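Remarks on the structure that follows.
None of the figures in this text is laboratory data; all of them are computed from the coordinates on show. This one's a predicted model, so the numbers in the text were calculated from it and none came from an experiment. Positions of Cβ are backbone-derived with ideal geometry, glycine not excepted, and every protein chain shown enters the neighbour counts.
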Amino acid sequence: MTEVPSADASARIERFRQLLQGSRHAVFFTGAGVSTESGIPDFRSPGGVWSRQQPIQYQEFVSSEAKRTEAWARRFNNTDGWVGARPNPGHIAIANLIRTGRASAVITQNVDNLHQQSGVPDDKVIELHGNASYATCLTCHQRYELTDLEREFRALGLVNPCRHCGGIIKSATISFGQQMPAIPMQRAQEEVLRCDLFIVLGSSLTVFPAADFPLRARENGAALIIVNRDPTPLDDCADVLIHAGIGETLGKVLT
Ligand code: ZN
């Protein structure tokens, strides 16, 4: 790979800054690359969680007590690598831009709750793959806290059914084989069509619907910025393309 001349890199940062300043409705789209800077492994990458252990499919989880026990054991033994992570400068920059009204929302593929932890209001975070920091009943959607479920799991070796309706309790993430969540998908599509600037941060843009949103935003007249360490299939469509870290890039844009 050729080294980008520093003058060119500065021009890209300056163009990013101009597009952000001129935007009336900027939307972020974040992927694993934002959270790897908090030490959370990218589960799809080589060496990531899914290259070491098979993901438990949704159908397996709902149909097998043994699979549910395995899923909870993985969760509480922290083989997923999420526990204890803290927001990094990238999260904090995004949160500042949203809180001050310079960006409207963040659509995320991440499930680690770090956008909320960094100060983005809950209603401005659109989670396409759910949230791993709590659990819900699959039938009545009652929320359950993981600390309570872990205590139960350590005492009984299982997580009991929902105490309200008897339904199955599951981490609030979207599993492989599970349908995309209807309301977040709809909200994401609305943001994609409303925005005049779509900013991709740390997504390889290879998984549906990630690959689709930037193109739809662009077709609808929005400018497109992509910041990702590695090339993406949509690099040629970007108005500004930066192959670098998220925290360092946003730090430069906002100074
Ligand atoms: Zn229930």
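Electrostatic tally near Q142: other residues with Cβ closer than 15 Å to its Cβ, Lys and Arg +1, Asp and Glu -1, net 0. Residues whose amide H falls under 5 Å from that of Y134, counting only those 5 or more places apart or on a different chain, are A172, with hydrogens built in the peptide plane.
The modelled label-to-label distance between H141 and R194, using points 7 Å beyond Cα along the C-beta direction, is 2.0 nm. With R₀ set to 35 Å, the beta-carbon distance separating A66 from L215 gives a calculated FRET efficiency near 0.25. Kindly point out, ordered by number, any Cys in the chain whose beta-carbon has no other cysteine beta-carbon under 4.7 Å away. For the chain, the answer is C195, C237, because their Cβ atoms have no other cysteine Cβ under 4.7 Å.
Across the stretch 66-76, rounded Karplus estimates of 3J(HN,Hα) from the backbone phi angles (6.51 cos²θ - 1.76 cosθ + 1.60, θ = phi - 60°) give 5, 5, 4, 4, 4, 4, 5, 4, 4, 4, 7 Hz, Gly and Pro being marked x. Near the amide H of A105, within less than 5 Å, lie the amide hydrogens of F28, all on another chain or at least 5 residues away, with H placed in the peptide plane.
Short-range pairs are left out: with C-alpha atoms under 8 Å and at least six residues apart, the relative contact order of the chain is 24 percent. Build a GNM of the chain with springs between Cα atoms under 10 Å: which of V192, V207, V120 gets the top mean-square fluctuation? Greatest mean-square fluctuation among the candidates belongs to V207.
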